[in-house]
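Participant: Below is one structure. I have some questions about it.
The values are calculated or read from the model by the stated rules, or taken from the named source; none is laboratory data. These numbers were taken from a predicted model, which means no experiment stands behind them. Positions of Cβ are generated from backbone atoms using ideal geometry, with glycine treated the same way; all protein chains shown enter the neighbour counts.
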Amino acid sequence: HIQTVTKDDKLRILKFLRRFFFRDEPLNHSIELIPESEDSTCLELEEYCSMSSLENNLSLMAVSTNGAIVGVMLNGKMDPPSDEEPEYITTCENPKFKKILRLLNYVDRNVNREGKFRGLNILEIRIISVDSNWRGKGIAKALLEKSLEIGKEKGFHITRVDCSSFFSGKLCARLGFERIYELNYTDYVDEEGNPVFSPAFPHTAIVTYIKKL
Ligand code: ACO
């Protein structure tokens, strides 16, 4: 069943994400954000997950009958876009995670280029992660449907997801989200012209989906 995440769940949620999302989300995986060893982590990503998402009553977890977390969806109210690089990116001391923050910021600036979302209250789906033993059973779908319900109840105008994974993109499309921006990983290059991220197939692009609530 699906539960709202509270601050008491913080340690369990981070432990879950360290086992799965920190390793297998396509961008994290492609740059080996954290080493293989079991107890390794990325403190900057932990901070990103905790930042407002665990105490706002907008995030959800799927729990099995024996009480284990099998899926997590961390959501939050989207910050208005800024022209300058936000301070938490500029000051990020982890060069690998900084690359990811920069990509997300690049996508955000492009999505907001025409100012068409100005003034709207947007629910951002920030992290989607399902236990690898439980995938393909509709857990992410159930979490997303519940997030849409909560977003509507709380008066958000739009839900937005920046999908770094082909599978989360497929899910959004299936739930009637509109594809509004797409960046192929091969087109996002460093100063030498080399792609910054080369995630494994079928993850070829980061795609922004929105749904009006
Ligand atoms: N192979 C083939 N198809 C798959 C797979 C897979 N490994 N995983 C999911 N799918 C398909 C499903 O068949 C379904 O498509 P359908 O509706 O056409 O049948 C769709 O993807 C979603 O299926 P769910 O069962 O609801 O998704 P699931 O519970 O398996 O979770 C998720 C999907 C969260 C992407 C999971 O694969 C995961 O945790 N991946 C690693 C972390 C990650 O990439 N997270 C998303 C990054 S984007 C973001 O966080 C905002």
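Participant: What are the residues in region 20-44 that are within 26 Å of Gly138 (Cα to Cα) and in contact (Cβ under 8 Å) with a residue 24 or more places away in the chain, if any?
Facilitator: Listed by number, the residues that qualify are Phe20, Phe21, Asp24, Glu25, Pro26, Leu27, Asn28, His29, Ser30.
Participant: In region 59-68, is there at least one residue being part of a loop (DSSP other than H, G, I, E, B), buried (at least 18 other Cβ atoms within 10 Å of the Cβ) and touching a Leu at 6+ places or on another chain (Cβ under 6 Å)?
Facilitator: Yes: region 59-68 contains one or more residues that are part of a loop (DSSP other than H, G, I, E, B), buried (at least 18 other Cβ atoms within 10 Å of the Cβ) and touching a Leu at 6+ places or on another chain (Cβ under 6 Å).
Participant: If you don't mind, there's one more thing I want to ask. I'd like to verify a number: residues in region 1-36 that are among the aliphatic types (A, V, I, L, M) and closer than 17 Å to Ser198 by Cα, how many?
Facilitator: So the count comes out to 4.
Participant: Right, here's the next one. Name the residues in region 123-147 that are near the ligand (Cβ under 10 Å from one of its atoms) and more than 15 Å from the chain's Cα centre (by Cα), would you?
Facilitator: Passing the criteria: Asp131, Ser132, Trp134, Arg135, Gly136, Lys137, Gly138, Ile139, Ala142, Glu145.
Participant: Now for a different question. I'd like the full set of residues that are within 14 Å of Asn28 (Cβ to Cβ) and of a type outside the set (A, V, I, L, M), limited to region 98-131.
Facilitator: Passing the criteria: Lys98, Lys99, Arg126, Ser129.
Participant: Separate question: Could you list, in sequence order, the residues of region 86-139 that are aromatic (Phe, Trp, Tyr) and assigned to a loop (DSSP other than H, G, I, E, B)?
Facilitator: The one that is aromatic (Phe, Trp, Tyr) and assigned to a loop (DSSP other than H, G, I, E, B): Phe117.
Participant: Would you confirm, using the coordinates I've provided, whether Ser30 is more than 17 Å from Ile100 (Cα to Cα) and either within 15 Å of the ligand (Cβ to nearest atom) or at pLDDT below 95 (or both)?
Facilitator: Answer is no for this residue.
Participant: Considering each residue of region 69-83, count those that are free of Cβ contacts under 8 Å to residues at least 60 places away in the same chain and buried (at least 22 other Cβ atoms within 10 Å of the Cβ), and give that number.
Facilitator: 0
Participant: Any idea which residue in region 186-203 is farthest from the ligand (Cβ to nearest atom), counting only those that are touching a residue at least 40 places away in the same chain (Cβ under 8 Å) and within 15 Å of Glu25 (Cβ to Cβ)?
Facilitator: Checking each candidate, the answer is Ser198.
Participant: May I pose another question? Of the residues that sit in region 50-59 and are closer than 15 Å to Leu143 by Cβ and within 13 Å of the chain's Cα centre (by Cα), which one is modelled with the lowest pLDDT?
Facilitator: Ser53
Participant: Looking only at residues in region 148-174 that are surrounded by 16 or more Cβ atoms within 10 Å (Cβ to Cβ) and more than 20 Å from Glu25 (Cα to Cα), which one is nearest to the ligand (Cβ to nearest atom)?
Facilitator: Thr159
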